[in-house]
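Engineer: Below: one structure in structure tokens.
The values are calculated or read from the model by the stated rules, or taken from the named source; none is laboratory data. Treat the numbers as computed from the prediction; the structure is a model and nothing was measured. Note: ideal-geometry Cβ built from the backbone for every residue, glycine included; neighbour counts use all protein chains shown. All accessible areas refer to the heavy atoms of the entire protein, side chains included, with ligands and DNA or RNA removed. Shrake-Rupley method; radii C 1.70, N 1.55, O 1.52, S 1.80 Å.
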Amino acid sequence: MTKINENSLSYEVAIHRMGRIWMSMALLVIMAVPLAISVYFNVWPAAGPLLGGLLPIMMIYVPIGIIEVITFSPMLGSGATYLAFTTGNLTNLKVPCALNAMEIADVEPGSSQGEIISTIAVATSSLVTNLVLVIGVLLFVQLTPLLAAPLLKPAFENILPALFGALGYLYISKNWKLAVVPVTLMVIIFVLVPAAPVGILIPVSALSAIAAARLMYKKNMI
Amino acid sequence: MFDYRNSAFMFSLGAIVALFVTVQSLVFLRTAWLEGKRKGLDAGKMRRAVISSAVFTLVPSLSILLTMLTLSGALGLALPWIRLSVIGAVTYELPAAEAAAQATGSSLAAAGVPLDVFSLIAWVMTLGIMSGPLFIIAYFKKLQSRVNKIKVEDNRWGTLLISAMFVGLISSFLGSALAGGIVSILTLLSSALIMVFCIQLEQKAGLKLFKDFALPLSMVGAMALAVLFAGILGG
């Protein structure tokens with residue numbers, strides 16, 4: 001038992017070390033892109049327009065970025081978090097993908113086995129998206145009329161309801177008591193403010209679910 | 001005329017980024033796989049995780065590809081390819097690019113942005129999304145040890161806490177879809193019903209395949225029905 005705990009601990013230490021190194025390298029690679037464009041073409045952005053473009057974006061996406069880490073990392077586990085926050089597309093792809101893989105493997109999110117399956121899922125998902133994008137670049141001319149066909153527009157516009165309907169059934173049928181408060185709250189908010197940004201409401205919904213769960217847990221209702 | 005947006009230089013940058021992401025993903029996949037083996041996790045279970053994740057990823061990836069094609073009108077193909085290969089999302093890249101273009105009095109609606117605007121857009125799209133990764137490097141380890149501490153102190157509450165977070169995430173999208181109009185609601189319900197059908201097939205008929213591919217099947221089925229609903233209801 002002690003050996004297992006020691007091994008788990010060493011994996012935990014190693015994955016954080018590896019994750020930090022890879023994430024730091026990723027940031028350098030990502031930052032090198034605009035830098036290389038400016039150096040190669042000798043075009044540097046002026047401070048005024050740069051701040052003018054960055055401020056409205058950062059006002060929204062700095063808090064969202066931090067909130068996403070706090071909300072998603074306990075579900076994803078360590079390895080998957082480092083990778084998912086490098087490769088992006090969290091809410092529409094990486095988090096549901098990890099959830100689905102853990103469900104199929106019948107392992108608990110946040111457990112040591114969940115950590116493994118979640119990392120495998122996110123890594124596979126990143127590789128497949130990468131491949132699809134490379135194919136898209138190579139077959140750009142052929143794919144554009146197909147994917148941008150007006151007939152398919154409603155399909156791509158409704159990709160999130162198509163994803164979260166199935167995922168919602170899967171999780172809410174198991175944890176329906178946990179879902180009553182957040183679902184009710186979210187429906188009310190979205191009916192009152194239909195254009196409300198989902199990214200900002202995810203932590204509100206998560207906090208309401210946690211508060212309701214805590215209350216029910218204390219009262220032995222779940 | 002020289003098209004800087006689709007130049008060999010830009011595609012070289014794209015190739016470097018794609019290669020980096022591929023290597024990183026393979027390293028993490030290998031590390032998790034070896035750790036799984038060491039922990040005695042069934043190799044079949046891990047293989048199923050690979051296959052089901054690959055299949056599930058195909059449809060959302062097509063949506064990401066569509067965003068790349070949409071952005072390519074103004075930005076060329078290489079920059080959207082780079083941006084959509086790394087941290088960011090379909091919901092982020094378009095507003096970030098538009099905000100940068102507007103800061104110069106330009107617009108993405110233009111057939112091709114001038115080089116100075118292009119460079120600015122690349123900087124804004126990159127810098128605007130850095131908070132998450134920087135926060136992870138600085139605080140994630142501490143955050144994770146706090147979550148682990150909660151689980152050690154009270155395992156049942158620790159598990160419930162993570163479940164509540166899941167349900168909170170899903171609830172926000174359910175609320176958004178339910179308030180998104182009739183086509184959105186019908187798509188949501190169709191997806192849930194197809195999932196029920198897949199689970200029944202797996203449980204009653206023993207068709208294990210339907211468990212592994214229930215989510216992509218539900219998604220594709222509901223998206224196909226969304227086309228039908230929009231055609232009938234004009235949504």
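Engineer: Taking every residue in A:72-84, how many Cβ atoms of other protein chains lie within 10 Å of its Cβ, on average?
Structural biologist: Mean partner shielding for this stretch: 5.
Engineer: Rounded to the nearest 0.05, what FRET efficiency is calculated for B:Tyr139 and A:Val191 with R0 set to 41 Å and r the Cβ-Cβ distance?
Structural biologist: Details: r = 36 Å, r/R0 = 0.87.
About 0.70, to the nearest 0.05.
Engineer: Structure shown: which of A:Lys174/B:Lys37; A:Lys219/B:Lys45; A:Lys94/A:Lys219; A:Lys153/B:Lys45; A:Lys174/B:Lys204; B:Lys149/B:Lys211 lie over 25 Å apart, alpha-carbon to alpha-carbon?
Structural biologist: Distance filter (> 25 Å) returns A:Lys174/B:Lys37; A:Lys219/B:Lys45; A:Lys94/A:Lys219; A:Lys153/B:Lys45; B:Lys149/B:Lys211.
Engineer: Mind listing the phi-derived Karplus ³J(HN,Hα) values for segment A:18-26, rounded to whole Hz, using 6.51, -1.76 and 1.60 with θ = phi - 60°, and x for any glycine or proline?
Structural biologist: With the stated coefficients, segment A:18-26 comes to 4, x, 5, 4, 5, 5, 5, 5, 4 Hz.
Engineer: Let me know the mean shielding of B:74-81 by other chains, meaning the per-residue number of their Cβ atoms within 10 Å of its Cβ.
Structural biologist: Working: counts 0, 0, 0, 3, 3, 3, 3, 5.
Average neighbour count from other chains, rounded to a whole number: 2.
Engineer: Taking θ = phi - 60°, what integer Hz values does the Karplus form 6.51 cos²θ - 1.76 cosθ + 1.60 yield along segment A:67-75, in sequence order, with x for Gly and Pro?
Structural biologist: 4, 4, 4, 5, 6, 8, 4, x, 6
Engineer: Along the charge dipole of segment B:1-111, Cβ charges K/R +1 and D/E -1, which of B:Gln24, B:Thr91, B:Gly105 sits furthest on the positive end?
Structural biologist: Most positive-ward Cα: B:Gln24.
Engineer: For every other residue with a beta carbon closer than 12 angstrom to the beta carbon of B:Asp154, add +1 if it is Lys or Arg and -1 if Asp or Glu, then tell me the sum.
Structural biologist: +4
Engineer: At 7 Å along the Cα-to-beta-carbon direction for both A:Ser10 and B:Asp154, put a label point, then send me their distance in nm to one decimal.
Structural biologist: About 3.4 nm separates the two model spin labels.
Engineer: Then there is this: Return the FRET efficiency for the residue pair A:Ile21, A:Lys219: r is the Cβ-Cβ distance, R0 is 51 Å, and the value is rounded to the nearest 0.05.
Structural biologist: In this case the efficiency is close to 0.65.
Engineer: Rank A:Gly79, A:Gly165, A:Gly65 by mean-square fluctuation in a GNM of chain A with C-alpha springs under 10 angstrom and give only the top-ranked residue.
Structural biologist: Its mean-square fluctuation being the largest, the pick is A:Gly165.
Engineer: Against the longest alpha carbon principal axis of chain A, how many degrees, from 0 to 90 and to the nearest 10, is the axis of helix A:95-105 turned?
Structural biologist: Tilt of helix A:95-105: around 50 degrees.
Engineer: Please give the calculated 222 nm ellipticity per residue for chain A, where each DSSP H segment of at least 4 residues contributes -39500 (n - 2.57) and the sum is spread over every residue; nearest 500 deg cm²/dmol? The partial results should precede the final answer.
Structural biologist: Details: 10 runs with 183 residues, N = 222.
So the calculated ellipticity at 222 nm is -28000 deg cm²/dmol.
Engineer: What is the sum of charges, Lys and Arg at +1 and Asp and Glu at -1, for the other residues whose Cβ falls under 12 Å from the Cβ of B:Gly14?
Structural biologist: Its environment carries a net charge of +2.
Engineer: Here is a follow-up. Got a sec to turn the phi values of segment B:162-167 into Karplus ³J(HN,Hα) couplings, 6.51 cos²θ - 1.76 cosθ + 1.60 with θ = phi - 60°, whole Hz, x for Gly and Pro?
Structural biologist: 5, 4, 5, 4, 4, 4
Engineer: Place a +1 charge on the Cβ of each Lys and Arg in chain A and a -1 charge on the Cβ of each Asp and Glu, then give the dipole magnitude about the Cα centre in debye, rounded to the nearest 20.
Structural biologist: Dipole about the Cα centre, nearest 20: 360 debye.
Engineer: Any idea which of B:Ile121, B:Phe9, B:Leu143 is furthest toward the positive side of the dipole for segment B:1-148, if Lys and Arg beta-carbons carry +1 and Asp and Glu beta-carbons -1?
Structural biologist: So the residue furthest toward the plus end is B:Leu143.
Engineer: What net charge do the residues around A:Ala105 carry, taking every other residue with its C-beta under 12 Å from that of A:Ala105, with Lys and Arg at +1 and Asp and Glu at -1?
Structural biologist: Around A:Ala105, the charge tally is -2.
Engineer: Can you work out D for the protein assembly as shown in µm² s⁻¹ from Stokes-Einstein, where Rh is the Kirkwood radius over C-alpha pairs, the temperature is 4 °C and the viscosity is 1.567 mPa s?
Structural biologist: Estimated via Stokes-Einstein, D reaches 58 µm²/s.
Engineer: Over segment B:1-159, give the accessible area per residue in Å² for a 1.4 Å probe, as an integer.
Structural biologist: Ligands and nucleic acids excluded, the result is 40 Å² per residue.
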